[in-house]
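**Q** Please read through the structure below; I'll follow up with questions.
The values are calculated or read from the model by the stated rules, or taken from the named source; none is laboratory data. What you see is a predicted model, and the numbers here were worked out from it, not measured in a lab. Backbone-built Cβ (ideal geometry, glycine too); neighbour counts: all protein chains shown. What goes into the accessible areas is simple: the full protein's heavy atoms, side chains included, and nothing from ligands, DNA or RNA. Shrake-Rupley method; radii C 1.70, N 1.55, O 1.52, S 1.80 Å.
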Amino acid sequence: VFSIPKGTEEKIFNLTSAQMRMFISDDLTGDSLVYNLPQAYEIHGEFDKLKLSTAFKNLINRHESLRTVFSLDSAHNPQQEILETVNFEVEYYEASLAEIGGIIEKFVRSFDLSEGPLLRVGLITMNSNLHILLVDLHHIISDGTSQEVLIHDFIQLYKGNNLPKVAIRYRDYLNWYLSEENQQSIDSQRDFWRNNFSGTLPLLNLPTDLTRPTEKTYRGGTYYFKISKEETASIKGLAKQYNTSLFSVLLSVYSILLSKLSNQEDIIIGTPVAGRTHADLQKIIGVFVNTLALRLFPQQEKSFKNYWHYITNYHCTFNCNSFCVSRPN
């Protein structure tokens, strides 16, 4: 098992590949909410505003990403800087049920990456026993796992409990990730990606009721559905029967569906990977997640069984050659 060494006390670093993508996209989209990660929590019972503020200030001191800002250096290259302190205040609101939507819309607004913290906290008080806690972060300093860490640490700090010392700081991860040795490991994987994404890349053409716009927008919706316990057990049984993962079975079904709808046999699907390749990274706030592009070929002559075995083998290969899950020798 490799270890991430303690880094230097540097405060200014280059960006990781995931951060670079978000920084450029954020700059291109301008005053956008694309990379906001808002959360809302309903709290019943009395809630101490002083404890709330103190807990989040301690969180900011504990996690370096919450004190990190992003800008261009003198050569116009993106950089990130870990600040010693930042100005932070909780936003307080009082509202009725009918007013909550308007307050949340006001609360969730774009961040200026050059000004920290890239964290915003609000509290809506509806009455003495009902509150809504609002938390919003920019994706460039956080991901899904980080949001879970933030809420866990906040609850413990609010209760007055002591948290164990963070084993690895985000700057230690940056020192390791940006090191010459790790960058050489990443460079060795580039041929794999160039080969898999060579030639003309497919554009998924689904039979939608609206034409694809000339410029990319982020307007859209989410459709939620549930499958029964029996259906879930059946899918899990299928994965177990053929010694493959649930992910591989579902990815196979999804890609085949897209293939049938689009009449295409060359499809690229993006899937998130956590990117936390070391146990010491599990409890710190920062952006480690990345989107892994899977190029799949659901040809008609393949049986479903053979196809998902192909998916299983290639999913492993893609993961082992992913920038964000690169492993040192």
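**Q** Yes or no: the stretch 53-64 includes at least one residue that is touching a strand residue (DSSP E or B) at 6+ places or on another chain (Cβ under 6 Å), more than 25 Å from Ser128 (Cβ to Cβ) and open to solvent by less than 30 Å² (accessible area, probe 1.4 Å).
**A** Yes, the conditions are met somewhere in the stretch 53-64.
**Q** Which pairs turn up if I take residues in the stretch 15-26 that are free of Cβ contacts under 8 Å to residues at least 12 places away in the same chain and farther than 13 Å from Ser142 by Cα and look for partners that are part of a helix (DSSP H, G or I) and open to solvent by 10 Å² or more (accessible area, probe 1.4 Å) with beta carbon separation below 7 Å, at least 6 apart in sequence or on another chain?
**A** Matching pairs, first to second residue: none at all.
**Q** Answer yes or no as to whether Tyr35 is within 20 Å of the chain's Cα centre (by Cα) and under 16 Å from Pro117 (Cα atoms).
**A** On the way: within 20 Å of the chain's Cα centre (by Cα): yes; under 16 Å from Pro117 (Cα atoms): yes.
In short, yes.
Listed here are the residues, each with its yes/no results for (1) more than 30 Å from Gly30 (Cα to Cα); (2) assigned to a helix (DSSP H, G or I); (3) open to solvent by less than 50 Å² (accessible area, probe 1.4 Å).
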| position | (1), (2), (3) |
| --- | --- |
| Leu203 | no, no, no |
| Thr208 | no, no, no |
| Gly221 | no, no, no |
| Ile227 | yes, no, no |
| Gly237 | yes, yes, yes |
| Gln264 | yes, no, yes |
| Ile268 | no, no, no |
| Thr271 | no, no, yes |
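**Q** Answer yes or no as to whether Asp136 is crowded, with 17+ Cβ neighbours inside 10 Å and in a strand (DSSP E or B).
**A** In short, yes.
**Q** Could you check Arg295 against (1) of a type outside the set (A, V, I, L, M); (2) on the phi > 0 side of the Ramachandran plot; (3) more than 17 Å from the chain's Cα centre (by Cα) and say which number it fails?
**A** (2)
**Q** When you go through Leu83, Leu130 one by one, which is the residue that is over 23 Å from the mean Cα position of the chain (by Cα), aliphatic (A, V, I, L, M) and surrounded by fewer than 20 Cβ atoms within 10 Å (Cβ to Cβ)?
**A** Values: Leu83 fails: over 23 Å from the mean Cα position of the chain (by Cα).
Step by step, each of Leu83, Leu130 is checked, and only Leu130 is over 23 Å from the mean Cα position of the chain (by Cα), aliphatic (A, V, I, L, M) and surrounded by fewer than 20 Cβ atoms within 10 Å (Cβ to Cβ).
**Q** Cβ contacts < 8 Å: first residue in contact (Cβ under 8 Å) with a residue 12 or more places away in the chain, restricted to the stretch 204-230; second residue in a loop (DSSP other than H, G, I, E, B) and open to solvent by less than 100 Å² (accessible area, probe 1.4 Å), any location; separation 6+ or different chain. Result?
**A** Correct list of pairs: Leu204/Gln264; Asn205/Gln264; Tyr218/Ser32; Tyr218/Val34.
**Q** For residues in the stretch 275-329 being within 17 Å of Arg171 (Cα to Cα) and charged (D, E, K, R), which is modelled with the lowest pLDDT?
**A** Per the stated criteria, the residue is Asp280.
**Q** Restricting the search to the stretch 6-21, which residues are assigned to a loop (DSSP other than H, G, I, E, B) and within 15 Å of Phe288 (Cβ to Cβ)?
**A** Selection gives Leu15, Thr16.
**Q** If the requirement is being open to solvent by 50 Å² or more (accessible area, probe 1.4 Å) and in contact with a Leu (Cβ under 7 Å, 6 or more places away or on another chain), which of these qualifies: Ile168, Ile141, Ile155, Ile104?
**A** Exactly one residue qualifies, and that residue is Ile104.
**Q** Could I ask something else about it? Looking at (1) in contact with a helix residue (DSSP H, G or I) (Cβ under 9 Å, 6 or more places away or on another chain); (2) open to solvent by 10 Å² or more (accessible area, probe 1.4 Å), find the lone condition where Glu115 falls short.
**A** All conditions pass for Glu115, except number (1).
**Q** Only one of Ala40, Ala18 is of a type in the set (Gly, Ala, Ser) and open to solvent by 60 Å² or more (accessible area, probe 1.4 Å). Can you tell me which?
**A** Ala40 is the lone residue from the list that is of a type in the set (Gly, Ala, Ser) and open to solvent by 60 Å² or more (accessible area, probe 1.4 Å).
**Q** If you don't mind, there's one more thing I want to ask. Among residues belonging to the stretch 232-279 that are free of Cβ contacts under 8 Å to residues at least 40 places away in the same chain and basic (Lys, Arg), point out the one that is farthest from Glu148 (Cα to Cα).
**A** Only one residue tops the list, namely Lys260.
**Q** Would you confirm whether any residue within the stretch 168-178 is among the β-branched types (Val, Ile, Thr) and free of Cβ contacts under 8 Å to residues at least 60 places away in the same chain?
**A** So far as the stretch 168-178 goes, no, none of its residues is among the β-branched types (Val, Ile, Thr) and free of Cβ contacts under 8 Å to residues at least 60 places away in the same chain.
Rundown of residues vs (1) under 18 Å from Leu292 (Cα atoms); (2) touching a His at 6+ places or on another chain (Cβ under 8 Å); (3) not aliphatic (A, V, I, L, M), yes/no style:
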| residue | (1), (2), (3) |
| --- | --- |
| Asn205 | no, no, yes |
| Thr211 | no, no, yes |
| Thr222 | no, no, yes |
| Ser234 | no, no, yes |
| Leu250 | yes, no, no |
| Leu261 | no, no, no |
